[in-house]
Amino acid sequence: MFKRKFISALVALVATTPVLAYESSYNMPVGVTPISREVYALHMTMFWVCCAIAAVVFGVMIYSIIKFRKSAGAIPDKTLLHSTKMEAVWTTIPVIILIALAIPAARTLVTIEDTRNAELTVKITGYQWKWQYEYLGKDIAFYSTLSTDSNEARQLHSGIDVNTVKDYLLSVDHPLVVPVDTKVRILLTGNDVIHSWWMPDFGVKKDAIPGFINEAWFKVLKVGHYTGQCTELCGRDHGFMPIAVDVFSKEDFERWIAAQQAATKVAHAAPEPSPGEAIAMTSRP
Amino acid sequence: MKTVSTNNVSADRHDDHKPSGIGRWLFATNHKDIGTMYLVFSCIMFFIGGAMALAIRAELFRPGMQFFDPGFYNQMVTNHALVMIFGAVMPAFVGLANWMIPLQIGAPDMALPRMNNYSFWILPFAFTLLLGSLFTPSGGPAGGWTMYPPLSLQSGNSFPMMIFAVHLMGASSIMGAINVIVTILNMRAPGMSLLKLPLFCWTWLITAYLLIAVMPVLAGAVTMLLTDHYFGTSFFNPAGGGDPVMFQHIFWFFGHPEVYILILPAFGIVSEIIPTFSRKPMFGYDAMVYATASIAFLSFIVWAHHMFTVGMPLAGQMFFMMSTMLIAVPTGVKVFNWTTTMWKGSLSFEPPMLFALAFLFLFTIGGFSGLMLAIVPADYQYQDTYFVVAHFHYVLVPGAIFAIMAAVYYWLPKWTGTMYDMTLAKWHFWVSTVSVNVLFFPQHFLGLAGMPRRIPDYNVQFTDWNMVSSVGGFVFGFSQLVFVWVIIKAVRGGPPASAKVWDADMPGLEWSVPSPAPYHSFDTPPDVH
């Protein structure tokens, strides 16, 4: 398909450009899912189109400022009052550019919204101020909160140099674990207020709203550790409920699942668990 | 456009009598006095909101929590927005409307002077209530200026204070808007047809209709919040069958026209200044009017682009993406017309023109990032990050606020009768323009690299650009003291300004009255043909 080719060509082009390196501190990550790469390509296309328009418009403005200065003896041409032809031109050309931009955006959007045929479903619930992950049909559920060292360092006047804390404000006690090359569907809801689950490298951001269940999906192409944050103001500690995802190979993921399920059984067998402990607080192997 | 007969030398012949003492201000019905009060009020609010912004930038200067509790940080974020939008930008535009609309259309005053007085004097009470809420035991509102439930329903005693403050601001805005509409439609000088109306008046007329259309919507939304909190209703409470997303729809149905309320009068100001200092009439006057009206219409059908991540049907997202992109067309028409007005002109660069040119460049940059934000898949990555913060500050600070400063520098000699210190004003311009870019441009990078908005602390990877941004913020903030000093100096005295003020051939009626404009102008309507 032409559009696929166009987008992959664009991705290849920009990904190989050294100034737009993968770990950028001033640009959107290319990311590790097909969607995040399409989104990156759309973003860069928009950026260059805007640059091109800016070059023309700012060029004319700067030319006018230099060329038509009163101090340089410029005489105003007061007959230049209106031109229907010009107005028509600068209405039509933007419309054409916008349609050209909207078509690939709409196509990507259709792909993003297609959550069918997921191989794994995880329900994500936002709490003030932590996330809960439930693997539907697998009897695994756990909370994910800011790691202790970050939490200590972020207290007012903690005296801890945050540069010494690993992944400051981006590390959690129990990351979400998902398999690589697998279409994972996430269902999002909020328990108290609205939160938003954002994983920049996956190109996924969706609100977790009390009383609603939202859907999104991702298919990660690369094993690794990825981080994101809550992106909807959710109260005092909004800045302190990060998201971390470990992407395992399919085999490692199966082993992890088995270990979790074993741990859950042990927890369930334990005498009189309090309601809060009924959800096994487990970790990756 | 229009030409003015020369025989309307105005009105100080029989009555330049001003009421004396505090009563002149408390019971003011004179459009110039009320305009002055609005402008002084907005200036005070600009500095209060600015102090909050500097508190935010101080905390964000480096990672780790240095100064505030995160809850207090959220109060600063929330109140900075409310104060700047409702306290600084909107009253500044109403102040300019009060001063300039009667002078531009040749009317002796605003149509409804007592309501004018009332609409101003509500504001100090509204903001006493809002800012007073910061001193309640549980602190001020901290759920963001967007007041999304259920979060905003967790507020303490500041909550009803904020709601009533918003009600008062809304009432004030509606009264101001009614006044503008009645004045422009009924009190134009004979011969001034609507398509001879100065563009500042045109943009304000359209803005006033937007205000009347959407302020009641906001009032309704916040009233439902109030009853949800105190009277057991469940408009937005899912546990009672309510819908928290409905609040967002209602809020942004107000909120998007609101952002045009904050920018359309700025368009009008720039459309006054660029022709003056290009010494050439506005190019495409009719197109400018129609473009403004189109933007106003489109502003009602794009609201959900603020909420692409809430989970809307595909068709809904498509519609709001397309309608949002359409706004680029009339906005582009305006930018092209301003540019063509400068083409083959005879340009000079007095402070108002400098600010208008900065507006032209920097507002356009904000327009570009707005276009990028319209693309839904990319918006998923931009939404609620510093990229959005950079976008709306580009259109509001070097957009709306620079236009207000341009207007003050343009009309100040007409108000005070003295020429202000041009050198100082140019210093103010250059320091502001450089620092505003140092302040906001790096925020694009922060957002793209993954920094969410409204967070008091961040990962160390965001340190560099936050430091740069904070330095820009402090320079920008303190350079505004120069602005105040220029105005104070001009009020206290200076070389007298002529009626025309500027070395250009301006058609506007405001330049036919002496400087300073007499207390009562246009007792008899001027002749426009």
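The values are calculated or read from the model by the stated rules, or taken from the named source; none is laboratory data. Since the structure is predicted, the reported quantities are computational estimates derived from the model, not experimental observations. Please note: Cβ atoms are built from the backbone with ideal geometry, for glycine as well, and neighbour counts cover all protein chains shown. Heads up: the accessible areas ignore ligands, DNA and RNA and are worked out on the full protein's heavy atoms, side chains in. Shrake-Rupley method; radii C 1.70, N 1.55, O 1.52, S 1.80 Å.
Some observations on this one:
- Distant-in-sequence amide H partners of A:GLY211 (H built 1.01 Å from N, under 5 Å): A:GLY190
- Rounded to 5, the percent of DSSP beta bridges in the protein assembly as shown classed as antiparallel: 75 percent
- Contact residues in region A:130-157 by the 20 Å² criterion (accessible area, 1.4 Å probe, full protein complex versus chain alone): A:ARG154, A:LEU156, A:HIS157.
- Chains B and A together, accessible area buried on both sides, 1.4 angstrom probe, square angstrom: 7700 Å²
- Heavy-atom surface of region B:371-521, accessible at 1.4 Å and reported per residue (Å²): 30 Å²
- What region B:141-190 shows is 28 Å² of accessible area per residue, with the surface traced by a 1.4 Å probe over protein heavy atoms.
- Positive minus negative residues near B:LEU26 (Lys, Arg vs Asp, Glu; Cβ under 15 Å): +2
- Viscosity 1.306 mPa s, 10 °C: Kirkwood-radius Stokes-Einstein D of region A:49-122 over Cα pairs, µm²/s: 93 µm²/s
- Expressed in Å, the radius of gyration and Dmax of the Cα atoms of region B:323-452 are 16.8, 54.
- Counting only DSSP beta bridges with both residues in chain A, the antiparallel share comes to about 75 percent.
- Taking a sphere under 15 Å around the Cβ of A:SER83 and counting the other residues whose Cβ falls inside, with K and R at +1 and D and E at -1, yields a net charge of +1.
- Chain A gives an Rg/Rh value of 1.12, both radii derived from C-alpha positions and Rh following Kirkwood.
- Pair A:THR91, A:ILE65: separation of 7 Å Cα→Cβ label points (nm): 3.0 nm
- Measuring only protein heavy atoms, the 1.4 Å probe finds A:GLU38 accessible over about 10 Å².
- Positive end of the dipole of chain A (Cβ unit charges, origin at the Cα centre): among A:CYS230, A:PRO175, A:TRP90, the Cα lying farthest that way belongs to A:TRP90.
- Legend: calculated FRET efficiency, B:VAL471 to A:ASP192, from the Cβ-Cβ distance at R0 = 60 Å, rounded to 0.05, equals 0.95.
- Long-range HN-HN contacts of B:ARG279 with modeled amide H, under 5 Å: B:SER346
- Hull volume in cubic angstrom per residue (convex hull over the Cα atoms of region A:120-278): 128 Å³
- Solvent-accessible area of chain B (1.4 angstrom probe, protein heavy atoms only): carbon and sulfur portion equals 72 percent.
- For A:ILE243, residues with placed amide H under 5 Å, excluding near neighbours: A:GLY228, A:GLN229, A:CYS230
- The alpha carbon convex hull volume per residue for the protein assembly as shown rounds to 167 Å³.
- Cα-based convex hull, chain B, per residue volume (Å³, whole number): 144 Å³
- Stretch gain in nm, segment A:SER249-A:LYS138, where the contour uses 0.36 nm per residue and the Cα spacing is subtracted: 38.1 nm
- Distance (nanometres) between label positions extended 7 Å along Cα→Cβ at B:PHE27 and A:ILE75: 5.9 nm
- Dipole of the protein assembly as shown, positive direction: furthest Cα of A:SER71, A:ALA54, B:PHE349, with charges on the beta-carbon: A:SER71
- Residue pairs, from the table B:LYS344/B:LYS500; A:LYS123/A:LYS222; B:LYS18/B:LYS426; B:LYS334/B:LYS489; A:LYS85/B:LYS32, whose Cα atoms sit over 31 Å apart: B:LYS18/B:LYS426; B:LYS334/B:LYS489; A:LYS85/B:LYS32
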